[in-house]
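The structure appears right after this line, and notes come after that.
The values are calculated or read from the model by the stated rules, or taken from the named source; none is laboratory data. Since the model is a prediction, treat every value here as computed from it, not as a measurement. Glycine gets a Cβ as well: all are built from the backbone with ideal geometry, and neighbour counts include every protein chain shown. Only protein heavy atoms, including side chains, enter the accessible area calculation; ligands, DNA and RNA are left aside. Shrake-Rupley method; radii C 1.70, N 1.55, O 1.52, S 1.80 Å.
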Amino acid sequence: MGGTSLIEVENLTKVYGDFKALDGLSLTIEENEVFGYLGPNGAGKTTTIGLMMGMLQPTSGSIRIAGIDVEKNPLEIKKICGYLPENVGFYNNMTAKQNLLYFSEFYRFPREEAIKTIDALLELVGIADAANKKVGEFSKGMKQRLGLAQALLNDPEIVFLDEPTSGLDPQGAADFRKIIRDLKKEGKTIFFSSHILSEVKEVCETVGIINRGRLIAKGRIKEFNQTVTIVVETEPPINTSILEPFGKVKVRDSQAIVEVQKDCRLEISKTLIEEGYLIKELHLVEPSLEEIYLKLVEEE
Amino acid sequence: MLIVAKKEFTDQITSKRFISVLAIMLIFSAVSIYQGADEFIKQYKMFESGSLGEESKPSIIRIFGFFGSAGILTFGGILGLLMGFDLITREKETGSLKTLLSHPVFRDQIINGKALGAFAALCIVVALTIVIALGMLTMKGFIPTLDDLVAILKFGLITLAYLFTFFSIALFSSTIAKNSSSSLLIAFGIFLVLSIAIPMLGSFVAQAVVGSPPEIEPPMPPVSENPENLEKSPEWQEYRKKMQEYEQKMNEYYDRLRAVQELFGIFSPSTNYITLVSSLSERTFMPFQTKDVTKNVVGFVVLPIVFFAISYIKFLRMEVT
């Protein structure tokens, strides 16, 4: 981390009629980062990506990607970005290969080179066998895989993935995660929008949480763990006042639960031994991303 | 733009919808042209033999006949509508528009490309009609002159503009409608309004504005026993004077009626089409037709431009979410 900012969003607002889809969003994403963009349905995730891809006009604010002003140069942005939209759509009367060939024409690739790239991408996403099948006959999962192939068509620096694993079976989702990790190894920056927290935790280093058009938290997943809990069980049962200097104490059955700012198990065990307790249980519990997310959204 | 146009052209000419309506239109036109060609050649032979005067020289446009024009009017209009009504809505419904817009292409290139692709497909439609016409004439042993070819070319251009007008109406409805079924309804609604309602409204308004026709013609005086003195009799001279006044009033009445009807007619592509095609031949399909077709030409050109311009602006401002 600590690299250069590739995406810089400043005070971005998007209003549809009376509805404020984004409300003063500011965000920076560094090069070669896998950024998880979390939020409930209707929070403004797709709108953010639409604006970043230059497909929507902001009401106010600015976005710069790789130093390029998105509003002024949307075409330049599209040349360096790839986008897999949620519920990606294609021309159903054309085959998978024809669809990709059509999109590739906008990049002015030589035809032979385009065909080679397309064959490789279809292989990568696991639908090479269906290359000459009409997209109208594709399942949702196959369309999603083809969507990823079209997003990688121009070998982009940044890939925007909007709910990429929706509609995929577990194997498909695992394949997607593997591809995302490989893309990171290739030096690409990934903007991953999802509401599936376990998935985000698995592939992303940094997350942003958006609710009602506002970014309510951003940082590395570990940084969200502002409070942790330590579970203590002793013989004889502990007098909770001994633990109070460390943090807020609650008693559950025979266990004491201590809410602390950082891991202080060593200090607790030292105190317990000095007070003559035998330690039966002493372990740290970190909140899950889901717990953090729900807490933050509820606080909003 | 050409990338989009090429795809749209291929999509259009390979679509079952296009092929079916085109086939119906061409069959209708072919039958009409077959009959029209016979009639034209017969008239032309009479003209060549000197039975008809120079002013009665038959026009090559006669081969298309009334039913040929009616076939283009109806099925051509429908074809134009069917080619455009879901061009944008279908892409929104399937999500392909969003995928397309994520690649480096400007929105104006998309809509211009779609229009260009459809225009090229319409050129094929007109070219096929003309090829059928020329083929039948040649088959029947008539070789068209350069003037004939120019007249046919003009007919082709007018037909192309007519078909493109309905395509632009459909494209317009496709950019304003939420889905393809609504778009089809809007497009057919506009088609009916422009083709039927406006000419009818024109007649209605003309009658209302101009009022009733002049009072009935003056009664004829009794015929005297000596017809030679008839012309000199004061009753008959009075009658002739009144009759001239009556005829003048009638002409003025119909001029006013026609002026109001023509005002409405310029908003109707079908009226403009008939007027312009009729102006190419000596034969008139419409009553009270004038030789000046400038208004119709303007209406014919302005309508598709207006519809296309609105579609263009609407598409450029469309929020694709």
Problem - Qualifying positions in the stretch A:90-107 - within 9 Å of chain B (Cβ to nearest Cβ) and free of Cβ contacts under 8 Å to residues at least 12 places away in the same chain - result: A:Tyr102, A:Glu105, A:Phe106
Problem - Qualifying residue in the stretch A:24-32 (condition: in the same structural domain as A:Arg212 (by TED's automatic domain parsing), over 19 Å from the mean Cα position of the chain (by Cα) and not polar (S, T, N, Q)) - result: yes
Problem - Residues located in the stretch B:116-127, provided they are within 20 Å of the chain's Cα centre (by Cα) and either open to solvent by 10 Å² or more (accessible area, probe 1.4 Å) or farther than 16 Å from B:Ser15 by Cα (or both) - result: B:Phe119, B:Ala120, B:Cys123, B:Ile124, B:Val126, B:Ala127
Completion exercise
A:Lys45: passes all of (1) more than 12 Å from chain B (Cβ to nearest Cβ); (2) farther than 22 Å from B:Leu2 by Cβ; (3) among the basic types (Lys, Arg) but (1)
Problem - In the stretch B:128-184, residue surrounded by the fewest Cβ atoms within 10 Å (Cβ to Cβ) [restricted to those that are in a helix (DSSP H, G or I) and charged (D, E, K, R)] - result: B:Asp147
Completion exercise
Contact list, first residue from the stretch B:238-257 and touching a residue at least 60 places away in the same chain (Cβ under 8 Å), second anywhere and small (Gly, Ala, Ser) and open to solvent by less than 90 Å² (accessible area, probe 1.4 Å), beta-carbon distance below 8 Å, six or more apart or interchain, is none
Problem - Leading residue by the ranking (nearest to B:Arg317 (Cα to Cα)) among those in the stretch B:60-117 that are outside any helix (DSSP H, G or I), within 14 Å of chain A (Cβ to nearest Cβ) and of a type outside the set (A, V, I, L, M) - result: B:Phe106
Exercise for the section: Evaluate the stretch A:229-237: report whether one residue or more is open to solvent by less than 90 Å² (accessible area, probe 1.4 Å), within 22 Å of A:Glu30 (Cβ to Cβ) and modelled with pLDDT under 90. Expected result: no
Exercise for the section: Kindly indicate whether A:Phe160 is aromatic (Phe, Trp, Tyr), touching a helix residue (DSSP H, G or I) at 6+ places or on another chain (Cβ under 9 Å) and either more than 14 Å from every other protein chain (Cβ to nearest Cβ) or open to solvent by less than 10 Å² (accessible area, probe 1.4 Å) (or both). Expected result: yes
Completion exercise
Going through the stretch A:55-80 in order, the residues found to be more than 13 Å from chain B (Cβ to nearest Cβ) and of a type in the set (Asp, Glu) are A:Asp69, A:Glu71
Handout entry: Selected residue [in contact (Cβ under 8 Å) with a residue 12 or more places away in the chain, out of contact with any strand residue (DSSP E or B) (no Cβ under 6 Å at 6 or more places or on another chain) and in a loop (DSSP other than H, G, I, E, B)] from A:Gly126, A:Gly141
Key = A:Gly126
Problem - Enumeration of residues in the stretch A:6-25 that are within 27 Å of A:Lys185 (Cα to Cα) and open to solvent by 50 Å² or more (accessible area, probe 1.4 Å) - result: A:Glu8
Handout entry: Condition check for A:Tyr83: within 17 Å of B:Phe106 (Cα to Cα), crowded, with 18+ Cβ neighbours inside 10 Å, without any contact (Cβ under 8 Å) to a residue 24 or more places away in the chain and within 9 Å of chain B (Cβ to nearest Cβ)
Key = no
Practice task
Would you check if there is a residue in the stretch A:191-214 being farther than 20 Å from A:Leu294 by Cβ and either among the aromatic types (Phe, Trp, Tyr) or over 13 Å from the mean Cα position of the chain (by Cα) (or both)?
Solution key: yes
Practice task
Would you point out which residue out of A:Gly36, A:Gly24 is on the phi < 0 side of the Ramachandran plot and away from chain B (no Cβ under 11 Å)?
Solution key: A:Gly36
Completion exercise
Being among the polar types (S, T, N, Q) and in contact with a Phe, Trp or Tyr (Cβ under 6 Å, 6 or more places away or on another chain) narrows A:Thr165, A:Thr117 down to just A:Thr165
